[in-house]
Each structure stands twice: as structure tokens, then as C-alpha cells.
Amino acid sequence: MQATLKKSASFKGVGLHGGKPVTLTIHPSVADSGIWFNRVDVRDADPLIPARYDAVPESRLCTKISNADGVSVSTIEHLMAALAGCGIHNARVDIDAEEVPILDGSAVEFVRGLLAAGIAPQDRPIYAIEILKKVTVRDGDSEASLSPASHLTMAFSIDFPDPAIGVQHRHADLANGRFVRELCDSRTFCRQSDVEAMWNAGLALGGSYDNAVVVDGDDVLSPGGFRHADEAVRHKMLDALGDLALAGNPILGHYEGVRAGHMLTNRLLRALFAMPDAMRLVQCDAQTAAHLPGMGVGQHDLAHVA
């Protein structure tokens, strides 16, 4: 069955790029409603924005959604990953600013808050997007694809010139609580040269060593270093799960990213939905539902988190 929260969960922090304080509260919502963002600070326009791939305008440094009135919310990918990874299909996200709080740069604080609020089953079945044929998009040396699989699996490869990151590969079966146990605490990362470029462009104003892992050549500048030796590629997989959640339904298929980012994954979803013979919507039986990312996830899964 579909699921929502048992009670509301609130979070406070600052936006990564704007640096503004923000309060965000996730509320339970009715079955079949999906995920919607509600800009409670907006009075003269439509404040509601659907968390869907076709509401994403061009945006490379984060995932942003916008409605027909131009009201937007950005940096939603970590929250969307937490919702998908906890198996929450329906929720209303009230937010009083234009950017989701970055918190510690990962999804773990969202996961903790969601699991503490509790997950409530609903009286409607889960419908999933079954991938029937491979769909691939490319941009230079970057590539993203979806191909048939019985449940959601993911492979990701990255290649950075800084030896502190270098070449990393990881494969993950995202069934059950694997996202919570293996990916949710992996933080966003960047190169020191990128930080300086973003500051000069008026971005990353809320960034710090407390909410991002910053590297410079061989050196990791953030205190404590990486939480995992391959934290960088794990975070890219976290981002990809959040971006894939904008499909509006769980995906039954294999995602592969090679140097892929937010916009490429969004282009992949747009390509998928433009090819009706590449997918179909199916009602999940008990066996299929048992392998969805958030099925059966609980507080015990957080014991594995660093």
C-alpha cells in the first residue's frame, strides 16, 4: 500500500546557495496525491509546486522545481531522496523560503526526522513505472540510462582530477532499507576551486565545511574528512535517487550514471516519458512492493549510519 507520515516533521537550517534561514515542515497527505511543495511565504501567486520532472527548469548546481506562476523551490534532491528512501509516496512540504535547508549536506537528518514521525500505510495500492527498454541520454562524456530490471538498482561512476576523490564506482541494490543504511549520510562535495567560483557568482552563500566535503588536490579540507572512502560516489547516487523520485512513482529498473548530474537525470526522465513503449505503469503486488526502496525501513536501519 502507499504510505504517508503519521505526523508532521519539521526542519530548520539555511539554504546552500542563498544562505537564507528556512523552516520546512512535512505533513501527511491523502493517498494518490504525491509530493507537493507549498511556499507558505508566497501571498500573491500560486504557492503550490508539484514534485515532478516536468516542473524542473534548467538548473545545474541543484534540482529546482517551479510552477506556472514562476514560484519555485530549489535544492530539493536530498529531501526527495529521503522521502523515496523511506517509502513515503504522499506528503505536503510547507516551506517559508525558496530553498530547502542543506542541513549537514546529506539526507540523514531528513531520514531521522521522517522515521521519528512514523510511516503510515494508506488504503491505496502502489503503482510503479516498469522500464521495458533501455533509454539513454548523453552530454559530452556524461551519460545516464534506465534499463529493465525487476526492482530499482543503480550503478554510478565518477572521475575527478583531485586525487582526494579520483575515480570511484559503486553499484547498489536499493531494495528495502539499503538507501538508509548505505547512502543517506553521504554529503555533498566540491572542489575548492569550484567553491571560489560559486562565491564569485553569488552562490553557495550558505555553504561551509559543516555541510559539504571540500577537497583541494590530495587534501580534504573539511574537518574529519570523508565518512566513507567512496562518499563522493555514494552522494551522487543519493542525488540520483532524489532526482528519479520526480518521476512521480517508484521505478522498477536499473539506473546507470557516468559523470551524470541533476540536469542529465532530468533529461533522462523526459526522454523516458517521451517514449511510451519504453515504460508502463503497473500495480505492485506484494512481492514487487517488498523490494521497493523504503519498504520495511525503520529506526533500526539508522544504526548502520556513521
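The values are calculated or read from the model by the stated rules, or taken from the named source; none is laboratory data. The structure presented is a predicted model; accordingly, all values stated were derived computationally and were not measured. When we count neighbours, we look across all protein chains shown, and the Cβ atoms used for this are built from the backbone with ideal geometry, even at glycine. Side chains are part of the model used for accessible areas, which takes the heavy atoms of the whole protein and leaves out ligands, DNA and RNA. Shrake-Rupley method; radii C 1.70, N 1.55, O 1.52, S 1.80 Å.
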* To do: Quickly run through segment 289-306 and pick out the residues that are under 16 Å from P125 (Cα atoms) and either in contact with a strand residue (DSSP E or B) (Cβ under 7 Å, 6 or more places away or on another chain) or open to solvent by less than 30 Å² (accessible area, probe 1.4 Å) (or both).
  => A289, L292, P293, G294
* Asked: Conditions: (1) charged (D, E, K, R); (2) surrounded by 20 or more Cβ atoms within 10 Å (Cβ to Cβ); (3) out of contact with any Ser or Thr (no Cβ under 6 Å at 6 or more places or on another chain); (4) not in a helix (DSSP H, G or I). E182 meets all but one. Number of the miss?
  -> (4)
* Asked: assigned to a helix (DSSP H, G or I) and either in contact with a strand residue (DSSP E or B) (Cβ under 8 Å, 6 or more places away or on another chain) or hydroxyl-bearing (S, T, Y) (or both), is that true of A240?
  -> yes
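For segment 248-257, enumerate the residues that are touching a strand residue (DSSP E or B) at 6+ places or on another chain (Cβ under 6 Å) and not β-branched (V, I, T). I'd like the intermediate steps shown before the answer.
So in segment 248-257, the residues touching a strand residue (DSSP E or B) at 6+ places or on another chain (Cβ under 6 Å) come out as 249-257.
Those that are touching a strand residue (DSSP E or B) at 6+ places or on another chain (Cβ under 6 Å) and not β-branched (V, I, T): N249, P250, L252, G253, H254, Y255, E256, G257.
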* Asked: In segment 136-147, is there at least one residue being part of a helix (DSSP H, G or I) and in contact (Cβ under 8 Å) with a residue 24 or more places away in the chain?
  -> no
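Hey, can you tell me all the residues within segment 165-179 that are open to solvent by 20 Å² or more (accessible area, probe 1.4 Å) and more than 21 Å from the chain's Cα centre (by Cα)?
From segment 165-179, those open to solvent by 20 Å² or more (accessible area, probe 1.4 Å) are 167, 169-171, 173, 176, 178; that's our starting set.
Matches in segment 165-179: V167 only.
Residues checked against (1) in contact with a Phe, Trp or Tyr (Cβ under 8 Å, 6 or more places away or on another chain); (2) more than 16 Å from A240 (Cα to Cα):
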position: R138; (1), (2): no, no
position: S142; (1), (2): no, no
position: P148; (1), (2): no, yes
position: T153; (1), (2): yes, no
position: F156; (1), (2): no, no
position: R178; (1), (2): no, no
position: R191; (1), (2): yes, yes
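Filter segment 95-135 down to the residues that are among the charged types (D, E, K, R) and assigned to a loop (DSSP other than H, G, I, E, B) and list them by number. Let's see the steps before the verdict.
Of the residues in segment 95-135, the ones among the charged types (D, E, K, R) are 96, 98-99, 104, 109, 112, 123-124, 130, 133-134.
Answer for segment 95-135, where residues must be among the charged types (D, E, K, R) and assigned to a loop (DSSP other than H, G, I, E, B): D96, E98, D104, D123, R124, K133, K134.
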* Structure fact -> Flagged in segment 236-260 as open to solvent by 30 Å² or more (accessible area, probe 1.4 Å) and within 16 Å of F156 (Cβ to Cβ), in numbering order, are K236, H254, E256, V258, R259
* Asked: Is it fair to say L264 is more than 17 Å from D54 (Cα to Cα), open to solvent by less than 40 Å² (accessible area, probe 1.4 Å) and in contact (Cβ under 8 Å) with a residue 24 or more places away in the chain?
  -> no
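Select from segment 26-71 the residues that are small (G, A, S) and surrounded by fewer than 19 Cβ atoms within 10 Å (Cβ to Cβ) and list them in ascending order.
A31, S33, G34, A45, A55, S59, S66, A68, G70
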* Asked: Tally time: how many residues in segment 250-302 are more than 24 Å from N90 (Cβ to Cβ) and in a loop (DSSP other than H, G, I, E, B)?
  -> 5
